[in-house]
Amino acid sequence: MKKSLLMLLAAILTAGLVACGDGTSDGLSSEEVYEKSFEAMEEMESASTVIDIEQDISAVDEDFNITMGMSLDGDIIIDTNEMHQEMSVSMGGDGLGGLAEDMTMEFYLTEDAFYVQSPENGDEWVKLDPAEIGMFDDLLDQQEEPSDQLEMFEEYIEDLSLEEEDDSYVLKLTADAEGFDQLIEETLGDSMADEMIGTDFDFSEDMDIHELTYEMVIDKETFYLTDFTLDMDLTMTIDGESADMKQSMSASYENINEIDSIEVPEEIVENAIEQ
């Protein structure tokens, strides 16, 4: 299995997909619910988030498999890219030579510093310059502007059903490959470097979507996006080699616009090792 294919599939682990659609509920159409949610999320400045992702990658013609899981739980402030997160990552499968790997870490990112505690540092708190944490750029991008993600999917409004629950509107999408290649390319293409997928990679020809289901829960009173789930099953082919990927993702937002600051405990500030 070529490294470029694995890197591309692994990158999808942190790519959030959002979509929207048609239907009516409580006197509002799906388009009206979408537009009101878009306006509300444009005003989102902070939130508590919980994100869980499970992914399974298997080579089509080889005895090769990698499983990955990630969980993020914490608070974010969007404008300043500040956050406190507890993260756990697990990897397994015969693609790792039978070696399973589990890692937990906690970090604080402020305008002035980045504090991290992880097994690599012997569970000691370490202080870094925020400019040195490029590895978290994709994570920050995914949490930075929810309204930008919603805007990208405006043209798919007609493809989504609308249901009503006691306190929420629920937008659901079930998609096949037809008509959604451009959506996938717009969502993933900008973050995929040419050296990872090659300049000849064609999202419509080299990616087959077997299943894409999405559910978005919107609060009736505030029109905030409070929960979403995504299930994806696809096959990608690079340089003649194919791999299947199945991914399930769930996320929730709470305490929207109620977090004023990210405070690092004084004990961590005083004892962190500077690097």
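The values are calculated or read from the model by the stated rules, or taken from the named source; none is laboratory data. Owing to the predicted nature of the structure, the values given are computational and were not obtained by experimental measurement. So basically every Cβ, Gly included, is an ideal-geometry build from the backbone, and we count neighbours across all protein chains shown.
So the values come out like this:
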quantity: Subset of region 6-40 (residues that are in contact with a Phe, Trp or Tyr (Cβ under 7 Å, 6 or more places away or on another chain), buried (at least 22 other Cβ atoms within 10 Å of the Cβ) and either modelled with pLDDT of 85 or more or aromatic (Phe, Trp, Tyr) (or both)); calculated: Val33, Ser37
quantity: Selected residue [small (Gly, Ala, Ser), surrounded by fewer than 19 Cβ atoms within 10 Å (Cβ to Cβ) and either in a loop (DSSP other than H, G, I, E, B) or in contact with a Ser or Thr (Cβ under 6 Å, 6 or more places away or on another chain) (or both)] from Ser90, Ser71; calculated: Ser71
quantity: Residue that is in contact with a Pro (Cβ under 6 Å, 6 or more places away or on another chain) and hydrophobic (A, V, I, L, M, F, W, C), where the choices are Met41, Met70, Met91, Met105; calculated: Met41
quantity: Residues located in region 250-275, provided they are closer than 30 Å to Thr213 by Cα and either touching a helix residue (DSSP H, G or I) at 6+ places or on another chain (Cβ under 7 Å) or part of a loop (DSSP other than H, G, I, E, B) (or both); calculated: Asn255, Ile256, Asn257
quantity: Residues being modelled with pLDDT of 85 or more, surrounded by fewer than 17 Cβ atoms within 10 Å (Cβ to Cβ) and more than 22 Å from Ile53 (Cα to Cα) - total across region 221-261; calculated: 6
quantity: Condition check for Glu54: part of a strand (DSSP E or B) and closer than 18 Å to Val264 by Cα; calculated: no
quantity: Strands (runs of 3 or more DSSP E) contained entirely in region 100-159, each with at least 1 residues that are loosely packed, with under 14 Cβ neighbours inside 10 Å and either modelled with pLDDT under 65 or hydrophobic (A, V, I, L, M, F, W, C) (or both); calculated: 101-109
quantity: Pair list, Cβ under 9 Å, 6 or more apart: region 73-98 residue under 30 Å from Glu42 (Cβ atoms), other residue in a strand (DSSP E or B) and modelled with pLDDT under 90; calculated: Met87/Met103
quantity: Among (1) at pLDDT 80 or above; (2) out of contact with any helix residue (DSSP H, G or I) (no Cβ under 9 Å at 6 or more places or on another chain); (3) over 27 Å from Gly27 (Cα atoms), the one test that Asp190 misses; calculated: (1)
